[in-house]
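This report concerns only the one structure given below.
The values are calculated or read from the model by the stated rules, or taken from the named source; none is laboratory data. Predicted model, so just to flag it, every value in this text is computed and none were measured. So basically every Cβ, Gly included, is an ideal-geometry build from the backbone, and we count neighbours across all protein chains shown. Just so you know, the surface numbers come from the protein's heavy atoms only, side chains and all, with ligands and any DNA or RNA stripped out. Shrake-Rupley method; radii C 1.70, N 1.55, O 1.52, S 1.80 Å.
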Amino acid sequence: MMEENTKTTQHTLSITGMSCTSCVNKIEHALKKVPGVLDAQVNFIEKTATVTSDPSLNEERLIKAVNSLGYVAYPTTPTKKSPEHLHKTTSCFWFTVLLPAIVGSIFMVLSLFLSHFPFSTLCTVGGLESFITLLLFCYIARPIYQRAWQALLHRATTMDTLIVLGMSSAWLVSTLAVMLSRRFPFLVEHLYFESALIILALVNLGKILETQALSKASHAMVSLLALRPKTATVLREDKEIAVPIEEISVSDVIRIRPGEKIPVDGIILEGESYLDESMLTGEFLPVLKKSGDEVVGGTLNQEGSFIFQAKKVGEDTILANMIALVRDAQKCKPALARLADQVSAYFVPVVILLAVCTAIVWWFIGPTPSWLYAFLTSMTVLIIACPCAIGLAIPTSLMVAIGRASQKGILIRRGEVLQQAAQLDMVVFDKTGTLTDGKPTISNIFLSSGVDEKNFMQLAVSLERYSEHPIGKAIVTFGKKEAIEPLLTQHFEAVKGYGVKAQINEKYYYLGNAAWMEKNHLTNPWLKEGGNKTHTGATPLYLADDKEVLGIILVSDSIKQEATETIKTLQEKNIAVAMLTGDHSRVATHVAKTLGISTFIAEAKPQDKMAFIQHWQQQGKHVGMLGDGMNDAPALAQADIGFAMSTGTDIALQSAAVTLMGNALSGVVHTIEFSKAATRNMEQNLFGAFFYNIIAISVAAGIFYPLFHILLNPMIAALAMALSSITVISNANRLRYFKL
């Protein structure tokens, strides 16, 4: 229901009763007026509101603010809730669409023969039509009238307002025509009961089709939710028990059989199997998992069977985080969406004003009977206008694109990334763990005269035993293989971009790069010799006591196979590529030369990386940064778009706007491609919605009548209105099939 940190609280509400995107602006405005609310965003597609507030704010005040507008709000948990759409059953379809359409069609047939009936019969039939239409309005159109009335009570207008005005005017004018037909017999020829009912049928049909189209738009989210199995086989007291996944606890031991989905994140204890991890990486090639390997909830076991221990459950799992990230990104509004919201806010009042102006013009300059033309054109203007098409233009494209990206292992944290990534003209890479495998190994050791290798490595392992850096981990791994027992360390200190120091046996030792040695005044010929030994791309680490350098550890890290292809692809797209690394200059030169990167900076500290990003931005470049370490976090946050590898540190993941789940460098290229496709799709939708409304309203107002004597039938207007939203959503759904 809420997610809390030291400063703010996030509330998620489900909202029923929203009919169009005009409701979005109204609800957001009301929520932002509640004292303590910092931000509020309403998702029309999922029918939810996400509110960021002071921790002291009571959620009931938010619910009350929404309910006071005539909607119904209630708290919900976003990670456990399926996309909420209005589901139309078959019986609902028959009732809301076919019944008014059938009755309307009968009325239409009757109108063809009314002129042959005696006058008294005409009045009787017309009165019966009026009563039946009113009856159907009361039962079928009641929700529409209720929403329009609630909006009116709060001095607002929505899509329902336009529909109610159009249908009601058709019924009212037709009823008056029946009542006045004794005095003005010609009025019986102008009954529009069938138009009112068929308009109602088409409006409801449009809503049903729109709902189905939106369900397809949320296909990726539904797919993510479907990855979670409902139960798991847990081993308790030597028995296998089927347990709902909500009841699984950390450290539970779970058996996985062939064809089953992994319920939670954990580590394999016994057995092995091939797993389909396409939900993480987008790659469908199965991955072999054996004892000691990590497994992720939502992935699919294939042929083998194994037992694993749960390590992360509930909302802590990778899948739950993926779902939360996708939801949050879909709620964000890029610049185009904010433009659409601003237009939608004023759209309905402007349309009503245009309808009134249309009626006035036709009343005074229209052909006889001018009142009839004034009525028909103004009603058609009300019915054909569609603010929903404008309001749905961006959110649907956003939802489909972010969902599709998640299926390819690209988690986008903010919706505006889909616009910004298309503008990138420079991508900056970290080296270790990004362009390289991030699993360095010790390739050589050089010792000073009189230094024992075992004691030397014992000191190194002791200094790096708690390190999170890949190079530090390589030393620790070496120590485990050689069964080296670490010594007790005191006064440990780690300095980003330099190295570590600690007291061992009442003596200080230092391990790090050349700059760390110089910083501690430990210069000697070993530093130069270490640099000379890096021509093959190995990284030198120097170990020294408080007097002199004792030796050099050379650590090598192989370049990722896909790095060359990714960088070449970016360069072919005229995107500049640079590398920022804290590693030695000769190592950086070796990697850059191998990959064809002409711009690179070596021995860069975290603040240096951020400064270089700022420098390139000041030159007018839109910069993307890809990294995985704690020292990359400032640069990731500074970049226009930060890309983090999923195996990176927590702070790197939090600082980045995009997480690459499969650690695939190609995700950067794919994000840019997605961005261009999504931006193009959003622009198409927005242009199409604006163009439709401009042309449709102009035609409905009778702009072509003086030249071609063409007027739009109100029923055709209702159909066009319904199809406009469906067209926008269908165009957005094309992104589901976008190929990289």
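Taking the criterion of being more than 25 Å from residue 145 (Cβ to Cβ), open to solvent by less than 30 Å² (accessible area, probe 1.4 Å) and modelled with pLDDT of 65 or more, would at least one residue in segment 176-190 satisfy it?
yes
For the subset of segment 599-628 comprising residues that are of a type in the set (Gly, Ala, Ser) and in a strand (DSSP E or B), which member is modelled with the highest pLDDT?
The qualifying residue modelled with the highest pLDDT is 624.
Of 404, 413, which residue is within 21 Å of the chain's Cα centre (by Cα), basic (Lys, Arg) and modelled with pLDDT of 80 or more?
On inspection, the qualifying residue turns out to be 404.
Give the residue that is most open to solvent (accessible area, probe 1.4 Å), with candidates limited to residues of segment 476-486 that are over 20 Å from residue 507 (Cβ atoms) and of a type in the set (A, V, I, L, M, F, W, C).
The residue in question is 483.
Could you please find all residues in segment 139-164 being in a helix (DSSP H, G or I) and open to solvent by 70 Å² or more (accessible area, probe 1.4 Å)?
139, 142, 146, 147, 149, 152, 153, listed by residue number.
Among the residues of segment 548-564, is there at least one that is β-branched (Val, Ile, Thr), touching a strand residue (DSSP E or B) at 6+ places or on another chain (Cβ under 7 Å), at pLDDT 90 or above and surrounded by fewer than 21 Cβ atoms within 10 Å (Cβ to Cβ)?
No - not one qualifying residue is present in segment 548-564.
Looking only at residues in segment 66-83 that are among the hydrophobic types (A, V, I, L, M, F, W, C) and over 30 Å from residue 227 (Cβ atoms), which one is modelled with the highest pLDDT?
66
Inspect all residues belonging to segment 456-475 and state whether any of them is among the β-branched types (Val, Ile, Thr), open to solvent by less than 70 Å² (accessible area, probe 1.4 Å) and part of a loop (DSSP other than H, G, I, E, B).
Scanning segment 456-475, I find no residue that is among the β-branched types (Val, Ile, Thr), open to solvent by less than 70 Å² (accessible area, probe 1.4 Å) and part of a loop (DSSP other than H, G, I, E, B), so the answer is no.
Can you tell me which residue is modelled with the highest pLDDT among those in segment 19-57 that are within 19 Å of residue 415 (Cβ to Cβ) and in a loop (DSSP other than H, G, I, E, B)?
Only one residue tops the list, namely 47.
Only one of these is at pLDDT below 80, within 24 Å of residue 670 (Cβ to Cβ), not charged (D, E, K, R) and not in a loop (DSSP other than H, G, I, E, B): 637, 633. Name it.
633
List the residue pairs whose Cβ atoms are under 8 Å apart, where the first residue sits in segment 243-260 and is buried (at least 17 other Cβ atoms within 10 Å of the Cβ), the second is basic (Lys, Arg), and the two are 6 or more positions apart or on different chains.
245/228; 245/230; 252/236
Taking only pairs six or more apart or across chains, which ones have beta-carbon atoms under 6 Å, a first residue in segment 1-18 that is more than 10 Å from residue 71 (Cβ to Cβ) and at pLDDT 75 or above, and a second residue that is basic (Lys, Arg) and open to solvent by less than 10 Å² (accessible area, probe 1.4 Å)?
Sorted first by the residue in segment 1-18, then by its partner, the list stays empty.
Can you name every one of the helices (runs of 4 or more DSSP H) wholly within segment 658-737 that holds 1 or more residues which are β-branched (Val, Ile, Thr), over 17 Å from residue 379 (Cβ atoms) and touching a strand residue (DSSP E or B) at 6+ places or on another chain (Cβ under 7 Å)? Steps first, answer last, please.
Details: elements: 666-700, 705-708, 714-733.
The qualifying helices (runs of 4 or more DSSP H) are 666-700.
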